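*Asks:* Before I ask anything, here is the structure I am working with.
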Amino acid sequence: MNKPFNCFIGRYQCPHKGHQTIFNEYLKNGEPILIMIRDVPCDEKNPFTAQEVMSLWNKVYQNEVNEGLVKIMIIPDISSVNYGRSVGYEVREIQVNSNISNISATEIRNKIRNNDNSWKEFVSESIHEQLSNILINK
């Protein structure tokens with residue numbers, strides 16, 4: 001029997017090590033994850049298309065995608081996640097250290113735009129070039 005997936009919904013504007021830290025808590029125990037990317041209109045706060053975000057996550061988790069431990073999909077934008085009674089799954093908040101929870105995608109985007117390379121410590125090296133190229137070309 002296949003293990004059920006642990007679902008994460010977000011805009012991921014841009015994927016960073018804060019997200020990965022939470023995802024990896026599941027992956028290190030062999031628990032699969034489903035990354036659901038909200039398809040939001042591009043603007044200053046959301047410069048990446050859902051397809052670009054999906055491409056970045058696919059690169060970060062290339063091995064895990066190939067192994068079936070990570071699935072990535074684009075979903076319509078949502079306003080809430082709801083349930084009416086016990087539906088067979090939990091809704092959990094994952095607690096992380098403040099050095100992880102304080103990682104800001106907005107700050108990362110600003111640093112990229114300002115040619116401040118300190119952003120690289122907060123993002124998987126596998127997507128540095130792709131992330132920078134996408135953002136600078138917008």
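The values are calculated or read from the model by the stated rules, or taken from the named source; none is laboratory data. Here the structure is a predicted model, which means the values were calculated and not measured. FYI the Cβ positions are ideal-geometry reconstructions off the backbone, even for glycines, and counts take in every protein chain you see.
*Asks:* For the stretch 66-76: of the residues being more than 15 Å from residue 6 (Cβ to Cβ) and either surrounded by 11 or more Cβ atoms within 10 Å (Cβ to Cβ) or small (Gly, Ala, Ser) (or both), which is nearest to the chain's Cα centre (by Cα)? Spell out the reasoning first.
*Replies:* Step one: filter the stretch 66-76 for residues more than 15 Å from residue 6 (Cβ to Cβ), giving 66-67, 74-76.
Narrowing further to those that are either surrounded by 11 or more Cβ atoms within 10 Å (Cβ to Cβ) or small (Gly, Ala, Ser) (or both): 67, 74-75.
Working: 67: 18, 74: 12, 75: 13 Å.
Restricting to residues being more than 15 Å from residue 6 (Cβ to Cβ) and either surrounded by 11 or more Cβ atoms within 10 Å (Cβ to Cβ) or small (Gly, Ala, Ser) (or both), the top hit is 74.
*Asks:* Something else: Checking residue 48 against (1) over 10 Å from the mean Cα position of the chain (by Cα); (2) not in a loop (DSSP other than H, G, I, E, B), which test does it fail?
*Replies:* Single failed check for residue 48: (2).
*Asks:* Listed residues 75, 100, 33; which is of a type outside the set (S, T, N, Q) and touching a Ser or Thr at 6+ places or on another chain (Cβ under 6 Å)?
*Replies:* On the way: 75 fails: touching a Ser or Thr at 6+ places or on another chain (Cβ under 6 Å); 33 fails: touching a Ser or Thr at 6+ places or on another chain (Cβ under 6 Å).
Result of the check over 75, 100, 33: 100.
*Asks:* Follow-up. Please find, among 18, 30, 84, the residue that is small (Gly, Ala, Ser), in contact with a helix residue (DSSP H, G or I) (Cβ under 8 Å, 6 or more places away or on another chain) and either outside any helix (DSSP H, G or I) or closer than 24 Å to residue 128 by Cβ (or both). Can you show your working first?
*Replies:* Numbers: 30 fails: in contact with a helix residue (DSSP H, G or I) (Cβ under 8 Å, 6 or more places away or on another chain); 84 fails: in contact with a helix residue (DSSP H, G or I) (Cβ under 8 Å, 6 or more places away or on another chain).
So the residue among 18, 30, 84 that is small (Gly, Ala, Ser), in contact with a helix residue (DSSP H, G or I) (Cβ under 8 Å, 6 or more places away or on another chain) and either outside any helix (DSSP H, G or I) or closer than 24 Å to residue 128 by Cβ (or both) is 18.
*Asks:* Here is a check on your reading of the model: is residue 33 within 20 Å of residue 89 (Cα to Cα), touching a strand residue (DSSP E or B) at 6+ places or on another chain (Cβ under 6 Å) and touching a residue at least 24 places away in the same chain (Cβ under 8 Å)? Full working, then the answer.
*Replies:* On the way: within 20 Å of residue 89 (Cα to Cα): yes; touching a strand residue (DSSP E or B) at 6+ places or on another chain (Cβ under 6 Å): yes; touching a residue at least 24 places away in the same chain (Cβ under 8 Å): yes.
It is true that residue 33 is within 20 Å of residue 89 (Cα to Cα), touching a strand residue (DSSP E or B) at 6+ places or on another chain (Cβ under 6 Å) and touching a residue at least 24 places away in the same chain (Cβ under 8 Å).
*Asks:* OK, next. For residue 80, work out the one condition from (1) closer than 24 Å to residue 122 by Cα; (2) free of Cβ contacts under 8 Å to residues at least 60 places away in the same chain; (3) of a type in the set (Ser, Thr, Tyr) it doesn't fulfil.
*Replies:* In the conditions (1) closer than 24 Å to residue 122 by Cα; (2) free of Cβ contacts under 8 Å to residues at least 60 places away in the same chain; (3) of a type in the set (Ser, Thr, Tyr), residue 80 misses (1) alone.
*Asks:* Being at pLDDT 95 or above and surrounded by 13 or more Cβ atoms within 10 Å (Cβ to Cβ) is the filter here, so list the residues in the stretch 113-129 that pass it.
*Replies:* Within the stretch 113-129, 119, 120, 122, 123, 124, 126, 127, 128 qualify.
*Asks:* Sort out which residues of the stretch 87-107 are of a type in the set (S, T, N, Q), in a loop (DSSP other than H, G, I, E, B) and surrounded by 10 or more Cβ atoms within 10 Å (Cβ to Cβ), and write them in order of number. Before you say what the answer is, go through the steps one by one.
*Replies:* In the first step, residues of the stretch 87-107 are kept if they are of a type in the set (S, T, N, Q); the result is 95, 97-99, 101-102, 104, 106.
Keeping just the survivors that are in a loop (DSSP other than H, G, I, E, B) gives 95, 97, 102, 104.
102, 104, listed by residue number.
*Asks:* Name, by its number, the condition in (1) in contact with a Leu (Cβ under 8 Å, 6 or more places away or on another chain); (2) touching a residue at least 60 places away in the same chain (Cβ under 8 Å) that does not hold for residue 122.
*Replies:* (1)
*Asks:* Of the numbered conditions (1) more than 15 Å from residue 12 (Cα to Cα); (2) among the aliphatic types (A, V, I, L, M); (3) touching a residue at least 40 places away in the same chain (Cβ under 8 Å); (4) touching a helix residue (DSSP H, G or I) at 6+ places or on another chain (Cβ under 9 Å), residue 112 fails exactly one; give the number of that condition.
*Replies:* Looking at each condition in turn, residue 112 falls short on (3).
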